[in-house]
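Here the structure is laid out as structure tokens; the discussion comes afterwards.
The values are calculated or read from the model by the stated rules, or taken from the named source; none is laboratory data. The shown structure was predicted, so the numbers you read here are calculated from the model rather than taken from an experiment. Positions of Cβ are backbone-derived with ideal geometry, glycine not excepted, and every protein chain shown enters the neighbour counts. Note: areas computed on protein heavy atoms with side chains; ligands, DNA, RNA excluded. Shrake-Rupley method; radii C 1.70, N 1.55, O 1.52, S 1.80 Å.
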Amino acid sequence: MNKMTLRKAVLYGVGVAFILGLVLFVYRYLNHAESWAFFQTNRHAYTNGELTEMGTIKDRTGDVLAYTKDGKRCYHEDALVRMATVHAVGDSKGYISTGAQNALKDWLTGYNKLNGFYTYDGSGNDMQLTIDADTSVAAVKALGKFAGCVGVCNYKTGEMICMVSTPTFDVGDMDSVKKAESGELGSVYVNRFLSSLYTPGSTFKIVTASAVIDTLGEKAYDESYFCRYGTMIEDETLSCVGRHGDVQLKRAFSHSCNAYFSQTALSIGKNNMSRFADAFGFNKTFYLDGIACATSSYQVSEARNIDFGWSGIGQYTDQINPFQYLCDICAIARDGSYVQPYFVSRVTDSNGYPVHTAKTSEKRVLTKETAKRVAELMDYAVSDNYGKSTFGTLDVCGKTGTAEVGEGVENSLFVGFCKDEDLPLAFVVVVEGGGSGRSSALTVANKTLQAAKKSFAR
């Protein structure tokens, strides 16, 4: 009897251990299977440490950007195209964490937890991007020797047309990486458009203008503040580059008056400013096709009045992520709500069967009326200050920004959108160390938009 009891106990213990082991295995498999599969020693996916079992990647026009041939990952024949699109396409070693070939490698390889890497012919899946290679090349050329980024989105559809980051490198010539990395511009592997944070400078006056218009209504246009190369806030000086005198909202926006926007931020208070910063997506993480972007920041709860004043003009501790800000500009161009941007249009298997098709959703940022009024301010800023003729036949609305990021160092920013019905594009440009927004970022934006116009006309 004792032997029977002992045997039952042993069998029971073995059974429990088996079930627990099975549960543990399933748990670990569900949570770690992808990392196991994509380990670089897995010969089903990798050749000499490079992920090669992926399909073809094309730009929006069908131009082939990446493909596999004879067990080797190959790229576009033009070096400039390779350099302009590498942060969107990615590299086969996975150095660019936000590139499609790394962040979306399960789509490209056809990997899933049930079948692993098995596909019908073993070639992986093909991917169609919304990125335009010619527009991207124009952006890289325009940025030139500067570090920075350019993002362009169709605000009607959500399609990302351009996602360029510099410094860049030629993925077809890995020796160029060593040359680029030896410079002082920072890592070539970082996609500054998705993964960086910048002081917004005067581009943040879009947020402050939105807050004051929504809070005060028509009275926002009547309020005036005096600017004599700045203003005094509790016996401390907040400087401005101009002597604007008595200035109201419209002129203050077009001529970027620091005195006006710091004082108007103080007048509506921290709660209203924080509420609108939250509406614009500050302090939240944005995603592009599931790829997490850097989180913008606006925090003024503990700020002194002088610091709060600086925050209203895009300084203090304000930080923006270019992708998040592009979403906001799309919303202003589109009556207050934006279509969720994407850069992967579709993924198909070797038989042409759709594996993934882009789906869009809408997010409201501002009321329709407030968005309309802010768009009018951006339109006026270009016609009154920058000059509509700067952009040729394009009808551009925008706001420049000059962000002080160190002693004698200023980043140049320009954000805006085209009103043209046949070219509904919103854009964000950042030129690190480029000086005033008008001197660098505006020029980069114009050259990029002109290239986009030619591409869309084809």
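Structure above, values below:
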read-out	value
For peptides 357-366, 96-105, 134-143, 295-304, sequence by mean Cβ density within 10 Å, most packed first	134-143, 96-105, 295-304, 357-366
Charge dipole magnitude, Cβ of K and R +1, D and E -1 - the range 313-370, Cα centre, debye nearest 20	160 debye
Between helix 79-89 and the chain: long-axis angle, C-alpha atoms, 0 to 90°, nearest 10	80 degrees
Signed unit charges on C-beta, dipole axis of the range 262-340, positive-most listed residue ASN321, PHE280, PHE308	PHE308
Helix 258-279 vs. the chain, principal-axis angle (Cα, 0 to 90°, nearest 10)	30 degrees
Relative contact order (%) - the range 239-364, alpha-carbon pairs under 8 angstrom, separation at least six	18 percent
Among GLN248, TYR260, LEU197 the positive-end extreme of the charge dipole of the chain (Cβ point charges)	LEU197
Relative contact order [Cα under 8 Å, 6+ residues apart], the range 333-458, whole percent	17 percent
Mean Cα-pair separation over length for the chain, i.e. relative contact order, pairs under 8 Å, 6 or more apart, %	16 percent
Charge dipole (debye, nearest 20) of the chain; +1 at Cβ of Lys and Arg, -1 at Cβ of Asp and Glu	1180 debye
Rounded to whole Hz, the Karplus (6.51, -1.76, 1.60) HN-Hα couplings of the range 212-221, x for glycine and proline	6, 5, 5, 6, 9, x, 4, 4, 4, 7
Semi-axis lengths (Å, descending) of the ellipsoid that matches the C-alpha gyration tensor of the chain	46, 28, 20
Helical contribution to [θ] at 222 nm, DSSP H n ≥ 4, -39,500 (n - 2.57), averaged over the chain, rounded to 500	-11500 deg cm²/dmol
Solvent-accessible area, 1.4 Å probe, carbon plus sulfur percent, for the range 213-344	44 percent
Positive-pole candidate from VAL339, VAL140, CYS153, dipole of the chain, charges at beta carbon	VAL339
Cα-Cα over 23 Å, subset of LYS368/LYS419; LYS284/LYS453; LYS419/LYS454	LYS284/LYS453
Under 5 Å, built H, 5+ apart or other chain: amide partners of ILE161	VAL152, CYS153, ASN154
All aspartates and glutamates inside 17 Å of LYS156 as judged from Cα atoms, apart from same-chain residues fewer than 8 positions distant	ASP132, ASP328, ASP335, GLU362, ASP395, ASP420, GLU421, ASP422
